[in-house]
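Here the structure is laid out as structure tokens; the discussion comes afterwards.
Derivation of every value follows stated rules applied to the coordinates shown; laboratory data play no part. Treat the numbers as computed from the prediction; the structure is a model and nothing was measured. Glycine also receives a Cβ, built like all others from the backbone with ideal geometry; neighbour counts cover every protein chain displayed.
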Amino acid sequence: MAPSANGQTVGRRLPVESAFTRVEEARHRLPRLFGRRDLVVLGLGVMIGSGIFSLSGKQAANVAGPAVILSFVVAAFVCLLAAACYAELSSTIPVSGSAYTFSYVTFGEMWAWLVGWALVLELVTAAAIVARVWSAYFLATLTGFGVTMPDGLAQFFGPDAKVNLVAPLLLLLLTAMIVTGTKLSSRVLTVVVAAKVAVILLVVVVGATHIKMDNFKPFVPMERPAPATADPTLLGWMLDSSFGSFGLMGIFTAASAIVFAFIGFDLIATASEDARNPRKTVPQGMLLGVVVVTVLYVAMAVVLVGLRPYGQLGGAAPVSEALEAVGVGWAADVVNLGALLALMTVIMVVLIAQSRVLFNMGRDGLLPKSLGRVSRVYSSPARAATAAGMAALVLTLYPKVLELEELLVIGALFCFAFCAVGVLRLRRTEPDLERGFRVPLVPLIPLLSLAATLWLMLNLKTSTWTKFGIWMLLGLAIYGLYGRWHSRLANEESWDYDTDTDPGSGALQPVRHDTPSGELKAVRTPPKSNRGKHMRN
């Protein structure tokens, strides 16, 4: 079937009514399992991971020095601004899909596709990278407990191994857990998150007694010129200036990478359809999660820098190596075990979020509709979860996957920018929608969020921008060849309502209206019950 008569795709927006209706009346919908505590755990599960156990040491050693502490503060500030924008949008449109669904309602189908495509890049890359890092800590944990791996086998465990056996097996295990049901995943996640928070507090308390103040000097090392062969940032390329390592610019360059450590609050929004009372619990979980993780990250960064000279923090497992260097070997073993748990939960939450994004894109017809179905056996989007896990598994087989770290950052920042603008646009176009949370000081806060996000994006490498551009062009091609023609909105299809619903039951029914935008509208038949009650003022 062809698209709507006017052929419009860029501005073909999903009506707010349809976004609500597909949740309340669709046959394939997700069970509401998460409360506020579960959502906070979900956020902590993904935010407390490789950023605290690996990324901080790498950025201190190579980019910012002890001032990496300020890099964490800068990244936290940007993410808190973005989280406020996400909180308002998720409380206004409390359905799964996060920035993808927000963009579909606010900007239009093609823009929503691009945002969803960026989310796919962010989440698949994150799962693959963290699985590789997990394999390194797995090997370190075995070594710490006296288990010696034969040389012939150890070469398949490291993050840089040409053939890594551990990471794909881990992804298979976690994918199976997610496919079989979110309730089981949530229980496991709660226990593991509690354990890894305890590990971080232990490191902070024990490490604080071994801090040497000399390790903080100089706090902002002198800028070092970039090698002639170095890949410049986009800002450096635009200004025809090669920014090197350290110095003031090093703080912002490190912050651009450290955003990776905070990615996770946005994934809470993907669970809106799984949440109870999402207008309240999702914003609360999101903002509380960012605040908690910021305190933990800054405390951990202070301790890490104080334990060892910053130039020695670039190892594969910097936290445990720093503890061993000051003679606290037993704590290093605990850290390795905690890192295993932390990184495992990161992958789990990322795969859950990815499955929700694919589920929504499939339900909307922009990807194969089989992805938009909920398993009757497991009450989960099993096919979408399987696709997410297999995509990450294939990518983790790439030996240089760790070099793609900035790709997931640029994907996340791209979505942050759309959400900042989305708050302003939705305030203008839909001022009467019920909002469980409202961003204060509008338009100042959204504009600050947009400016801060763009600044961090400018500090990413030109090679990252090139790869991102190629990925987005590929996405446009897929949309043009498939999504544009199979979109439910384009073909004016209903949102897969339960066929057993009595037409007089009060369910929302799809009706075509010849509006200039070609949008579907939903109107209410005379109600016999409160089922499908409209979620607006």
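What is the spin-label model distance, in nm, from residue 477 to residue 330 if the labels are put 7 Å beyond Cα along the C-beta direction?
5.8
Have a look at 420, 374, 456 and report the one farthest towards the positive end of the charge dipole of the range 362-462, computed about the Cα centre with Cβ charges (Lys/Arg +1, Asp/Glu -1).
The residue sitting farthest along the positive end of the dipole is 374.
Taking H as built 1.01 Å from N, whose amide H comes closer than 5 Å to the amide H of residue 245, not counting residues under 5 places away?
Sorted by chain and number, the residues that satisfy this are 224, 226.
Please sort by residue number the trypsin sites (Lys or Arg not before Pro) in the range 258-310 whose DSSP state is loop and whose Cβ has at most 15 other Cβ atoms within 10 Å. Don't jump to the answer; show the numbers that get you there.
Working: sites: 276, 279, 280; in loops: 276.
Hits after loop and neighbour filter: 276.
Quick one: of 196/461; 280/369; 58/467, which pairs are farther than 28 Å apart, Cα to Cα?
196/461; 280/369
Roughly how many nanometres apart are two label points built 7 Å out from the Cα toward the Cβ at residue 292 and residue 187?
Between residue 292 and residue 187, the simple spin-label model gives 2.0 nm.
For the pair residue 165 and residue 428, how long in nm is the line joining their label points, each one 7 Å along Cα→Cβ?
5.9
Where a ≥ b ≥ c are the square roots of the eigenvalues of the C-alpha gyration tensor, would you call the range 317-357 rounded, which needs a/c under 1.5, or, failing that, prolate if a/b is larger than b/c, or oblate?
prolate
With θ set to phi - 60° and the Karplus curve 6.51 cos²θ - 1.76 cosθ + 1.60, what are the ³J(HN,Hα) couplings of the range 290-305 in order, to the nearest whole Hz, using x for Gly and Pro?
Those phi angles translate into 5, 5, 4, 6, 5, 4, 5, 5, 5, 4, 5, 5, 4, 5, 4, 5 Hz.
For residue 280 and residue 466, what does the FRET efficiency come to when R0 = 45 Å and r is the distance between their Cβ atoms, rounded to the nearest 0.05?
On the way: r = 42 Å, r/R0 = 0.94.
Result of the calculation: an efficiency of 0.60.
Just subtract the alpha-carbon distance of residue 441 and residue 173 from 0.36 nm times their residue separation and send over the number in nm, one decimal.
Numbers: separation 268, 0.36 × 268 = 96.48 nm, distance 4.53 nm.
Roughly 91.9 nm would be gained on extension.
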